[in-house]
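Reading through the structure tokens given below for one structure.
The values are calculated or read from the model by the stated rules, or taken from the named source; none is laboratory data. If you're wondering where the values come from, they're calculated on a predicted model, not measured in any experiment. Counting neighbours? That spans all protein chains shown, and the Cβs are built from the backbone with ideal geometry, glycine included. The accessibility values were calculated without ligands, DNA or RNA, using every heavy atom of the protein model including side chains. Shrake-Rupley method; radii C 1.70, N 1.55, O 1.52, S 1.80 Å.
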Amino acid sequence: MKRQNQSMILEFILVGFSSLGDLQILLFFIFLLVYLTTLTANATIMTVIRLDRTLHTPMYFFLFILSCSETCYTLVIIPKMLTNLLSTDKTISFSDCAAQLYFFVGLACTNCFLIAVMGYDRYVAICNPLNYMLIVSRSTCVQLVLASAFCGFTISVVVNILVFSLPFCASNRINHFFCDISPVIKLGCTDTNMKEMVIFFLSVLVLLVPFVLIFISYVFIVSTILKISSVEGQRKAFATCISHLTVVIVHYGCASFIYLRPTSLYSSDKDRLVAVTYTVITPMLNPLVYTLRNKEVKTALMKVLNRYSFPKSMK
């Protein structure tokens, strides 16, 4: 009978924010506004980078790819979450849950590696400017992006196999608003310690290793900047890094809080709040940070707006 119960689960229920009752309607409009802002901001950044030739550099190529990846990342999570906030039927099929986890983990890992690549780009630009275009060539940029995506989705395949090869018990209620690793793996009937250790090791590989490499890069970057004789030169050098550093702190900080710890420490309410941060808020902050704190992007945006605001015949 137990064996039969384990094999009968064909769908899960995403509990999400059900305990909030009518407040879910308010959350729907808040999250919808944030989501539309995220899509608009990322679309704006990608359009400006595409149209303004002054931004056709490795730094903005990586930013273009990151914006594209984060747009896909939000598409995996937020539309389903918005639907569930207004619906009484909060089910998700077994296959859809597996697909959501696969694309979520794959894109999240890819973003982590991309942010590390952007740190390497800043290191070469500041510490070895004379050979910058030679080291970070167009082909190298494409190879780094493809390597990031390959590693990210390879890790996602491993995680999916580990999670969904589990026999699941009679309970199919996922205490989260999407199919994340910890809430799903907690539904397993067998001992999951070995699987959790492998997932923890992969989390260290994805989060801690890139963060340490970024930290080392910035040690060299700061050391090089401090050797610049002019204060204006130092200010400009720091300005090119501050946006990236802000994204690094927010992105790796939130993700590390959730994934660099045992599943046994999973706390549904607190972790759900943190998950909102890295699935809803952070994807909106990233393009805004790069737009509001980046003079080159703001200048290019104004040029594009001026170019396409009025018909040529009216100029």
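The sole residue among F31, F64, F94 that is within 28 Å of H244 (Cβ to Cβ) and touching a residue at least 24 places away in the same chain (Cβ under 8 Å) is F31. Taking every residue in the stretch 117-128 that is under 16 Å from V247 (Cβ atoms) and pairing it with any residue that is in a helix (DSSP H, G or I) and acidic (D, E), at least 6 positions away or on another chain, yields no pair with a Cβ-Cβ distance below 9 Å. Just to be sure, is S148 open to solvent by less than 60 Å² (accessible area, probe 1.4 Å), in a helix (DSSP H, G or I) and modelled with pLDDT of 90 or more? Against the criterion (open to solvent by less than 60 Å² (accessible area, probe 1.4 Å), in a helix (DSSP H, G or I) and modelled with pLDDT of 90 or more), S148 qualifies. Here S217 passes the criteria (1) under 14 Å from the mean Cα position of the chain (by Cα); (2) more than 30 Å from L82 (Cβ to Cβ) except the one numbered (1). A residue that is farther than 26 Å from L85 by Cβ, open to solvent by 10 Å² or more (accessible area, probe 1.4 Å), over 21 Å from the mean Cα position of the chain (by Cα) and of a type outside the set (D, E) can be found somewhere in the stretch 170-183. Within the stretch 48-100, which residues are within 16 Å of V276 (Cα to Cα) and among the aliphatic types (A, V, I, L, M)? Matches in the stretch 48-100: L75, V76, I77, I78, M81, L82, L85.
Only one of the listed residues (S156, S165) is under 30 Å from G16 (Cβ atoms) and more than 23 Å from the chain's Cα centre (by Cα). That residue is S165. Tell me whether the stretch 192-202 contains one or more residues that are touching a residue at least 12 places away in the same chain (Cβ under 8 Å) and not in a helix (DSSP H, G or I). Yes, because at least one residue in the stretch 192-202 is touching a residue at least 12 places away in the same chain (Cβ under 8 Å) and not in a helix (DSSP H, G or I).
The set of residues from the stretch 70-103 being under 18 Å from V250 (Cα atoms) and either aromatic (F, W, Y) or in contact with a Cys (Cβ under 6 Å, 6 or more places away or on another chain) (or both) comprises just one member, Y73.
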